[in-house]
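Beneath this line is the structure, given in structure tokens, with notes to follow.
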């Protein structure tokens, strides 16, 4: 028997009136993976997740998770999910513990609720009404609800929103621990550093389309912006600039008086240095800077850069 | 059973609200007030019952008060959660939407029945201590039927609450239903009758008119109480029978709720 995919979107589209929120989304998540669902706000990430949760059906296509149809077998599917949804509100007159009781009773499981609350750092607030919680605390609370009953698949929509950097790090640690236990994790974010830190696989959504899907390393390789080489020389000549710009894998050359900044798209820095020296320029020093993930993300999601 | 999880959570969330405490106070005030007026005047204003029977005198004011309370307790049940976003939390858990509607229905009926019982007990104790005589069986029957009427209006308003995604529509329709059944029903029936007559259609026969009046849940409540307090039924047709009144209440309890749940089941939660 072939192993079931944790998540399988097949040609899923979603239309809200005139607005197309998702266009022909094909996306699969293997069991045991941590999948980062990236994209700027409004790209359609929450729409895709809401379809998984059965909040509304897709206009076209089909989505399944853990082998269940997300529309017709939603309740059975949600028994095996842990969810931190987008745009939720907690019950202001229920305590933290009572929220977890609601989750445990709904999933018909016996869980050590105190331990779960302690795990997300809410043991002190367990008996207080959630109406008095801060945004970060409600986020932790609902994350704890998601962990009730050791779910097979965690679906987290912008999990770190409202958390301070420390809280976000703690959440990442828990995500990794859960993944070690075998849980598949699917989480959306518009913050790259989070995705980079934990994800095996990344999908980037823009305007309802999946425009890239790979590992972080793979994406870095695929995107046409590599690194930036800065070379200090005795003097920059027109000839040296032309020679460097003519090299394969050099996308941009910015000449200064004694410094040249070269953007490399897979081009080798040795070739640049050799080209400079061949034109009689003396190289004093050089440094390279890896393209940051933010630049990578911008390269994928900024329409100016990626206009085809 | 997931229904019990919703039931318990809603019992806590709603039970701790000021709105419910206010309703508890309103019930105590209602029963104490009516008891005080009754002992002073020997009857209740607007009550057409025989003098000296408090339970019978209560029928008419209960027929106004209980539908209003029922609607106030029910109308936010689903739409309120959709507007606030708590529904997204609830439906991220393995909860069926119909179970959510039913869990809330039972929770709110329980809560309001407890507050109503509290009010009725206080009212009874008051009458007892000032020396009024009151038939326990009659009193219990009338308040129990009033709670049934109230539960029916909770079901109607939860049906409306589940069936629409617009809070103003739910508020208007819920309060509209109270207004319709408490005061406008007779007029509506008469107007329809008049229009049909003007159109040359044979006016509704007596039986049909009685049927039209009889399908009002508050009328049904009042007819059922006449069994308890021993008032004479003035109707000769089958539509005046207690079984028909019970059937009408049952329909009002189930049909709007069924339609609302069905709509909620298919609703897009965006």
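The values are calculated or read from the model by the stated rules, or taken from the named source; none is laboratory data. What you are looking at is a predicted structure, and each value in this text was computed from that prediction instead of being measured. Cβ atoms come from the backbone with ideal geometry, glycine included; neighbour counts cover every protein chain shown.
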When you check residue A:42 against the structure, is it within 24 Å of residue A:150 (Cα to Cα) and at pLDDT below 95, yes or no? no
Working only within segment B:163-190, note down all residues that are without any contact (Cβ under 8 Å) to a residue 60 or more places away in the chain and crowded, with 18+ Cβ neighbours inside 10 Å. B:173, B:185, B:189
At least 3 residues that are within 14 Å of chain A (Cβ to nearest Cβ) in each: list the helices (runs of 4 or more DSSP H) lying fully within segment B:1-106 that qualify. B:2-15, B:18-41, B:79-84, B:86-90
Report, ordered by the first and then the second residue, all pairs with beta carbons closer than 7 Å, sequence separation of six or more or different chains, a first member in segment A:192-210 that is without any contact (Cβ under 8 Å) to a residue 60 or more places away in the chain, and a second member that is not in a strand (DSSP E or B). A:197/A:172
Close pairs from segment A:90-104: first more than 7 Å from chain B (Cβ to nearest Cβ) and under 15 Å from residue B:7 (Cα atoms), partner at pLDDT below 95 and not in a helix (DSSP H, G or I), Cβ under 6 Å, at least 6 apart: A:104/A:111
Can residue B:193 be described as at pLDDT below 85, buried (at least 18 other Cβ atoms within 10 Å of the Cβ) and assigned to a helix (DSSP H, G or I)? no
Does segment A:96-142 hold any residues that are touching a strand residue (DSSP E or B) at 6+ places or on another chain (Cβ under 8 Å) and crowded, with 20+ Cβ neighbours inside 10 Å, and which are they? A:130, A:139, A:142
Selection within segment A:147-169 - surrounded by 18 or more Cβ atoms within 10 Å (Cβ to Cβ) and part of a helix (DSSP H, G or I): A:147, A:167, A:168
Among the residues of segment A:255-266, is any in contact with a helix residue (DSSP H, G or I) (Cβ under 8 Å, 6 or more places away or on another chain) and assigned to a loop (DSSP other than H, G, I, E, B)? no
When residues of segment A:45-89 are limited to those that are part of a loop (DSSP other than H, G, I, E, B) and more than 10 Å from every other protein chain (Cβ to nearest Cβ), the one surrounded by the most Cβ atoms within 10 Å (Cβ to Cβ): A:70
Kindly provide the set of residues from segment A:105-121 that are over 15 Å from residue B:90 (Cβ atoms) and at the interface with chain B (Cβ under 8 Å from one of its Cβ atoms), ordered by number. A:108
